[in-house]
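Taking it in order: structure first as structure tokens, then the write-up.
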Number of protein chains: 2
Amino acid sequence: MTEQADAATLTIALDRADPEPGYVQIYAQIRELILAGRVAPGSRLPSTRALAAETGVSRTTTLAAYDQLTAEGYLENRVGAGAFVSRDLPDTVLAAPPAGRVPSPAGTSPAPAKVDPPWTRPRTFDPGIADRDAFPLDEWTRSLLRSHRALDRATLFGRGTGGFEPLREAIAGHLRAMRGFDCAAGQVIVTSGAQEAVALLARVLLRPGDTVWMEDPGYGAVRRAFSVLGARVACIPVDGEGFDLEQALASAPGARLAFVTPSRHYPLGMTMPLARRLALIDWARSEGAWVIEDDFDSEYRYRGRPLASLMSLAGDRGVVYLGSFSKVMFQNLRLSWLVAPPALARDLVRAQADIGAQVSIVAQPALADFIATGRFAAHIRRMRRLYAARQSHLVAEVARLADDLLDVAPQDGGMHLIARPKPALARRMSDREASERARDAGLTIVPLSGFYAGEAAEQGFLLGYAGVPEAEITAGIERLAGCLR
Amino acid sequence: MTEQADAATLTIALDRADPEPGYVQIYAQIRELILAGRVAPGSRLPSTRALAAETGVSRTTTLAAYDQLTAEGYLENRVGAGAFVSRDLPDTVLAAPPAGRVPSPAGTSPAPAKVDPPWTRPRTFDPGIADRDAFPLDEWTRSLLRSHRALDRATLFGRGTGGFEPLREAIAGHLRAMRGFDCAAGQVIVTSGAQEAVALLARVLLRPGDTVWMEDPGYGAVRRAFSVLGARVACIPVDGEGFDLEQALASAPGARLAFVTPSRHYPLGMTMPLARRLALIDWARSEGAWVIEDDFDSEYRYRGRPLASLMSLAGDRGVVYLGSFSKVMFQNLRLSWLVAPPALARDLVRAQADIGAQVSIVAQPALADFIATGRFAAHIRRMRRLYAARQSHLVAEVARLADDLLDVAPQDGGMHLIARPKPALARRMSDREASERARDAGLTIVPLSGFYAGEAAEQGFLLGYAGVPEAEITAGIERLAGCLR
């Protein structure tokens with residue numbers, strides 16, 4: 001049994017300052033030892049318990065690392081004997097760079113064999129991430145190829161402000177069909193995300209020191225973006241109906257702009273009722289102020305009809321509408337858009353030129369094709385069914401496996417749910433501590449308290465489910481319950 | 001001759017508040033009248049002189065509009081008779097949306113026939129724009145297709161901070177070959193442009209109120225970006241050797257960061273000599289400060305060897321290096337990169353996640369392929385020959401056609417030259433007035449005074465030549481001389 005020599009001499013060191021969770025560090029170090037031939041195929045690894053003791057992490061952490069290595073074929077488990085380096089590792093894996101890697105440029109030394117960074121994989125319960133396996137990659141690639149073959153040079157060279165014209169038209173058509181409001185292509189501006197939209201809007205609509213209302217809890221990155229740009233951000237506590245205009249007027253009068261999520265509050269998920277929508281529009285009109293309506297995931301509504309958007313209620317005055325492709329398509333697409341009344345849209349296009357905020361052209365014709373040929377709408381319909389089922393499964397599994405720890409209520413839409421700790425758990429640890437524990441076990445559960453500007457009114461977690469297959473939801477809740485007990 | 005009925009009743013109205021130059025407005029309005037069938041094929045247009053009088057613009061402006069319409073086949077000129085709407089306009093042009101346009105989504109009303117916006121075309125002498133016709137579009141499309149077919153889902157989903165790993169490796173290899181310095185892929189961070197790089201660097205390296213040194217004249221968008229982010233920007237007048245450390249220390253001591261263009265000063269074009277480079281590095285090291293080296297177009301050097309970059313002189317301390325693809329490839333690619341010492345690179349990647357500044361994945365694998373297969377280097381070599389010839393042609397044509405108006409000296413590299421007004425012209429108008437006149441005639445000549453933070457020490461224009469064929473350079477200088485006389 002020489003080939004099963006003990007490899008308990010693994011030198012694994014965790015770097016606490018490294019932003020990567022412990023299990024990823026352990027996974028990556030063992031994988032590199034295997035690929036470098038420092039741990040031979042067939043050799044036995046230390047037990048998860050021994051490795052945990054040696055490196056000073058929890059056993060959940062070492063288990064998560066071994067699970068991942070096993071799932072990828074680097075380790076095999078023999079019942080009663082522990083984990084062994086797989087003997088089926090092909091020689092090519094041990095010598096060559098991973099598949100999909102582009103070869104080094106001629107004339108330079110070959111890059112050392114490196115592993116794909118494991119952190120490019122979404123982690124269980126990461127919110128706002130679409131499903132990876134259900135994404136129609138072939139259809140998307142075809143859209144990319146077809147649209148790129150037809151692309152003319154004028155589109156590659158020249159100003160890119162506003163966005164690629166056919167994409168702006170396709171988005172206007174999509175909004176007509178999905179959200180029931182009419183806008184011209186010239187009112188649509190393609191951006192690289194909500195933060196860039198904020199930078200443009202702040203430049204055109206705000207002067208330094210102007211007050212901006214944001215929801216509390218709310219979107220921290222947008223809050224920070226407004227602050228950095230010189231606005232005074234007033235965070236207004238939401239209630240069961242979302243943003244509360246009365247409270248905003250009482251506590252921070254004279255705002256120039258309100259940033260709200262009426263379709264589904266982010267992150268809590270409630271819908272703003274019609275009366276509040278109309279009041280907000282009235283406020284904007286009478287004050288000459290602006291409401292930014294972030295409609296970030298309204299495509300995913302599973303029950304009932306959505307309320308009319310602020311934009312469609314307001315017509316051509318006082319409202320700017322934000323939407324995103326990255327949540328519906330894939331995370332690294334990094335394409336969003338906004339819709340503004342015509343005069344403001346022209347000013348925003350000019351601001352894009354001023355601050356050099358044009359979006360790369362390369363993905364835009366592909367998206368225009370993907371939308372115009374109906375593939376985008378079909379994808380949303382398919383994902384709606386898939387995500388609705390996953391949400392139900394998550395609610396059921398929390399009730400079955402973690403009923404002593406967490407409360408989870410279903411919601412009408414979205415890509416994540418809010419889990420609230422039961423009193424016994426809340427007494428033992430904060431949501432931040434709980435999420436740290438989960439993180440070391442390879443789970444991303446974002447603490448609710450991080451969404452508050454000041455002290456959190458409520459503790460809880462975001463459990464993203466859209467990108468998580470049902471079996472993984474079950475395993476994740478089991479693992480989470482283990483971390484929290 | 002009924003089909004040649006006079007169309008002198010054209011209703012053309014210029015909007016002075018519109019950012020589009022006059023000739024573009026006239027061009028677009030006539031084109032729309034033709035496409036809408038409001039001016040029949042064969043009908044005669046008013047003379048350029050009459051239209052100029054009627055609309056209150058110069059004749060150069062109406063000539064430029066008619067030239068463009070003629071070049072595109074909408075008008076035909078008959079000697080001695082004036083301009084007529086072309087009788088060869090195919091019916092499809094009159095009814096259908098322009099070619100390359102994506103059809104409207106099913107179920108929505110068809111978009112009205114619209115013209116391609118003429119402002120997507122670069123205008124003569126627009127600086128920093130690569131040649132459109134010489135760009136190897138087929139090779140680029142092949143890189144896009146090949147790399148996208150091999151793309152895995154993990155790359156589309158998951159975190160995109162830092163950039164696509166094979167692209168980071170390809171950039172490191174490119175820098176080794178082209179700029180002679182070694183860096184690891186992990187030190188390379190892909191960004192969407194210099195402004196985003198500035199936002200990341202400011203977040204990691206600066207506290208509000210810290211002093212930043214910039215060159216004067218210099219890059220206004222970067223200056224504004226630092227200011228908006230809370231830095232105190234001190235603009236230091238350059239001399240014949242570029243940024244002057246002694247003067248900076250005397251006038252604004254205690255800076256935390258210096259943003260410089262040592263390879264070729266932007267926009268004046270001088271090279272910083274070695275002694276100044278070393279002094280700047282010494283300053284950064286002894287003060288624990290940082291030098292940002294913007295090497296924005298160092299690929300285009302036509303004579304002599306480039307000096308060693310600050311980054312290669314400084315090693316792992318005190319220097320961050322910025323480069324861009326958009327100038328070498330095409331304007332709307334919107335991809336840049338920075339290289340930082342390893343520890344700083346890790347902090348910048350974290351900052352990218354914090355401010356949501358990841359770059360869209362879609363173009364990155366294609367670029368990695370384009371570089372790794374040697375196509376990028378070959379393209380640069382071809383463009384170097386082309387642009388060097390265009391620079392020589394521009395110098396010769398200014399001497400031949402505008403010797404009474406402008407002085408232009410050749411430079412060792414770059415994509416634009418500086419034209420300085422001769423005293424007789426300088427007495428008659430400012431560089432801004434001159435550029436306004438040129439703009440109405442369809443020429444972009446950016447005034448030098450706009451690059452100064454305060455009062456301009458010098459007047460002049462940037463004449464971009466990289467994207468301008470030699471015949472167009474000749475015609476452009478003729479037209480420019482006409483505007484300025």
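Couple of notes before you dig in:
- Taken together, the residues in segment B:340-396 that are touching a Phe, Trp or Tyr at 6+ places or on another chain (Cβ under 9 Å) and of a type in the set (D, E, K, R) amount to 4.
- Per-region count, segment A:171-184, residues in a helix (DSSP H, G or I) and either of a type outside the set (K, R) or more than 7 Å from chain B (Cβ to nearest Cβ) (or both): 8
- Restricting segment B:202-220 to residues that are open to solvent by less than 20 Å² (accessible area, probe 1.4 Å) and at pLDDT below 95, the residue that is nearest to A:D354 (Cα to Cα): B:G220
- Residue in segment A:232-241 that is among the β-branched types (V, I, T), farther than 17 Å from A:V320 by Cα and in contact with a His (Cβ under 7 Å, 6 or more places away or on another chain) present: yes
- Picking from residues in segment B:187-197 that are part of a helix (DSSP H, G or I) and within 10 Å of chain A (Cβ to nearest Cβ), the one that is surrounded by the most Cβ atoms within 10 Å (Cβ to Cβ) is B:E196.
- Subset of segment B:351-364 that is out of contact with any helix residue (DSSP H, G or I) (no Cβ under 7 Å at 6 or more places or on another chain) and more than 7 Å from chain A (Cβ to nearest Cβ) - its residue that is nearest to B:S147 (Cα to Cα): B:A353
- Screening B:T161, B:T141 for residues that are in contact with a strand residue (DSSP E or B) (Cβ under 9 Å, 6 or more places away or on another chain), open to solvent by 10 Å² or more (accessible area, probe 1.4 Å) and modelled with pLDDT of 85 or more leaves exactly one candidate, B:T161.
- Number of positions in segment B:371-391 that are open to solvent by 30 Å² or more (accessible area, probe 1.4 Å) and hydroxyl-bearing (S, T, Y): 1
- Residue among B:L367, B:L348 that alone is within 24 Å of B:D210 (Cβ to Cβ), part of a helix (DSSP H, G or I), touching a Leu at 6+ places or on another chain (Cβ under 6 Å) and within 13 Å of chain A (Cβ to nearest Cβ): B:L348
- Residue list for segment A:439-451, filter: open to solvent by less than 20 Å² (accessible area, probe 1.4 Å) and modelled with pLDDT of 90 or more: A:L443, A:I445, A:L448, A:S449
- Taken over segment B:351-364, the criterion of being part of a helix (DSSP H, G or I) and within 11 Å of B:G163 (Cα to Cα) is satisfied by B:Q352, B:Q364.
- Residue within segment B:157-170 that is β-branched (V, I, T), in a loop (DSSP other than H, G, I, E, B) and closer than 24 Å to B:G323 by Cα present: yes
- Qualifying residue in segment A:460-477 (condition: hydroxyl-bearing (S, T, Y), open to solvent by 10 Å² or more (accessible area, probe 1.4 Å) and touching an Asp or Glu at 6+ places or on another chain (Cβ under 9 Å)): yes
- Residue count for segment B:400-438, restricted to those that are open to solvent by less than 30 Å² (accessible area, probe 1.4 Å) and acidic (D, E): 1
- A:F135 meets all of the listed conditions (1) open to solvent by 10 Å² or more (accessible area, probe 1.4 Å); (2) outside any helix (DSSP H, G or I); (3) closer than 27 Å to A:Y266 by Cβ but one, namely (1).
- Some residue of segment A:140-152 being at the interface with another protein chain (Cβ under 7 Å from one of its Cβ atoms) and in contact with a Gly (Cβ under 8 Å, 6 or more places away or on another chain): yes
- Any hit, segment A:354-377, residues being over 27 Å from A:L156 (Cα atoms) and either without any contact (Cβ under 8 Å) to a residue 60 or more places away in the chain or hydrophobic (A, V, I, L, M, F, W, C) (or both): yes
- So A:A396, is it in a helix (DSSP H, G or I) and open to solvent by 30 Å² or more (accessible area, probe 1.4 Å): yes
- Being farther than 21 Å from B:R437 by Cβ, open to solvent by less than 50 Å² (accessible area, probe 1.4 Å) and not in a strand (DSSP E or B) is a property that holds for B:I30.
- Beta carbons closer than 6 Å, at least 6 apart along the sequence or on distinct chains, pair a first residue in segment B:129-143 that is over 18 Å from B:D297 (Cα atoms) with a second that is of a type in the set (D, E, K, R) and open to solvent by 20 Å² or more (accessible area, probe 1.4 Å) for B:E139/B:R375.
- Every listed requirement among (1) modelled with pLDDT under 75; (2) over 30 Å from B:A345 (Cα atoms) is met by A:G37 save one, (2).
- A single member of B:G254, B:G242, B:G269 is in contact (Cβ under 8 Å) with a residue 40 or more places away in the chain and either of a type in the set (F, W, Y) or surrounded by 16 or more Cβ atoms within 10 Å (Cβ to Cβ) (or both), and it is B:G269.
- Matching residues, segment A:326-349, being among the β-branched types (V, I, T) and surrounded by fewer than 22 Cβ atoms within 10 Å (Cβ to Cβ): A:V328, A:V349
- Note on segment A:350-370: residues that are among the β-branched types (V, I, T) and surrounded by fewer than 24 Cβ atoms within 10 Å (Cβ to Cβ) amount to 1.
- Selection within segment A:297-317 - open to solvent by 40 Å² or more (accessible area, probe 1.4 Å) and closer than 16 Å to A:D282 by Cβ: A:A308, A:S312, A:L313, A:D316, A:R317
- Which numbered condition B:F157 fails, given (1) under 18 Å from the mean Cα position of the chain (by Cα); (2) over 19 Å from B:A345 (Cβ atoms); (3) facing chain A (nearest Cβ under 9 Å): (1)
- Cβ-Cβ distances below 7 Å connect the following pairs, each with a first residue in segment A:29-50 that is under 16 Å from A:A65 (Cα atoms), a second residue that is modelled with pLDDT of 80 or more and polar (S, T, N, Q), and a separation of six or more residues or different chains: A:T48/A:T62.
- Looking at B:T108, B:T120, B:T92, B:T191, just one residue is modelled with pLDDT under 90, among the hydroxyl-bearing types (S, T, Y) and closer than 24 Å to A:F157 by Cα, and that residue is B:T120.
- Selection count where residues are within 20 Å of the chain's Cα centre (by Cα) and not small (G, A, S), scope segment B:382-403: 9
The values are calculated or read from the model by the stated rules, or taken from the named source; none is laboratory data. All values reported here derive from a predicted model rather than from experimental measurement. Every residue, glycine as well, gets a Cβ built from its backbone with ideal geometry; the counts of neighbours run over all protein chains shown. With ligands, DNA and RNA removed, areas are computed over all heavy atoms of the protein, side chains included. Shrake-Rupley method; radii C 1.70, N 1.55, O 1.52, S 1.80 Å.
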